[in-house]
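Structure first, then comments.
The values are calculated or read from the model by the stated rules, or taken from the named source; none is laboratory data. Not measured: the values here are computed from a predicted model. Cβ placement follows ideal geometry from the backbone for every residue including glycine, while neighbour counts extend to all protein chains displayed.
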Ligand code: PGA
């Protein structure tokens, strides 16, 4: 399907790494190595306490600020949570929602992922909604039904216009942080399937306009092949986003990919 209808995005997911005092040095190194030509949007999703320092360091650059989670509540007595208004106030453009680590370690359900995504859209911020199967589900042949269930649940009660503002990240759990990447064909099979689910649930126009990422051990060496696939519009990068040189190479891979179109 033609990629010209949607935006490419390379988003770093720093997870629980990086100190506020390290953000400036990282951004300077990344800016020095990043291609000047703008072939994709670039974001870094940082821990909450690192975000202000990152915002300051990225000021005026093309690197957008992202968070790794958000509360489903607006405000009030929710100790430890951070609201979408608070994130918006510091200039957040993206929020990762339903990462498998949050689903696994914090018991986040599909209903909560949907609620958080709707809150994020209401604030005019882009949710990066994560879906993905476990190794056990893959081996039992349950990958596609599981992904379909997660995608439909996450997009419940959304208008087509809202769905088009979402980014979906396909992240097979067995490939996250393991060094074991899905092959480009495996990743494309699921990303194409996700687009098909959106087509069935919404429309062809919405399906072709929704950005779909792959995540799971994407690195400087394999990015180009993955990004070359028709339905993979970018990447959600964990480990490799902590190294400016590697992250810059992945960003550069989108330029080479678009040059080949
Ligand atoms: P990884 O993480 O690139 O380190 O596998 C990706 C993610 O969890 O978003």
Quiz prompt | Selection from the range 235-261 of residues that are within 15 Å of the ligand (Cβ to nearest atom), in contact with a helix residue (DSSP H, G or I) (Cβ under 7 Å, 6 or more places away or on another chain) and not in a helix (DSSP H, G or I) | solution = 235, 237
Quiz item: Which numbered condition trips up residue 204, out of (1) under 28 Å from residue 246 (Cα atoms); (2) away from the ligand (no atom under 16 Å from the Cβ)?
Solution: (1)
Quiz item: Would a scan of the range 209-227 turn up a residue that is more than 16 Å from the ligand (Cβ to nearest atom) and touching a strand residue (DSSP E or B) at 6+ places or on another chain (Cβ under 8 Å)?
Solution: yes
Quiz item: Within the range 40-56, is there a residue that is more than 18 Å from the chain's Cα centre (by Cα), at pLDDT 95 or above and not in a helix (DSSP H, G or I)?
Solution: no
Quiz item: Regarding residue 61, is this residue out of contact with any helix residue (DSSP H, G or I) (no Cβ under 7 Å at 6 or more places or on another chain) and either part of a loop (DSSP other than H, G, I, E, B) or without any contact (Cβ under 8 Å) to a residue 24 or more places away in the chain (or both)?
Solution: no
Self-check item: Any hit, the range 17-36, residues being farther than 30 Å from residue 230 by Cβ, modelled with pLDDT of 95 or more, more than 21 Å from the chain's Cα centre (by Cα) and assigned to a loop (DSSP other than H, G, I, E, B)
Solution: yes
Quiz item: Among the numbered criteria (1) over 13 Å from the mean Cα position of the chain (by Cα); (2) assigned to a loop (DSSP other than H, G, I, E, B), which single criterion is violated by residue 120?
Solution: (2)
Quiz item: Restricting attention to the range 131-174, which residues are away from the ligand (no atom under 16 Å from the Cβ) and in a loop (DSSP other than H, G, I, E, B)?
Solution: 140, 141, 142, 155, 156, 157, 158, 159, 165, 166
Exercise. Only residues that are within 16 Å of the ligand (Cβ to nearest atom) and either farther than 14 Å from residue 68 by Cα or surrounded by fewer than 19 Cβ atoms within 10 Å (Cβ to Cβ) (or both): list them for the range 93-122, please.
Key: 102, 104, 105, 106
Self-check item: Output for the range 175-193, where each listed residue is more than 10 Å from the ligand (Cβ to nearest atom), under 14 Å from residue 222 (Cα atoms) and in a helix (DSSP H, G or I)
Solution: 184, 185, 186, 187, 188
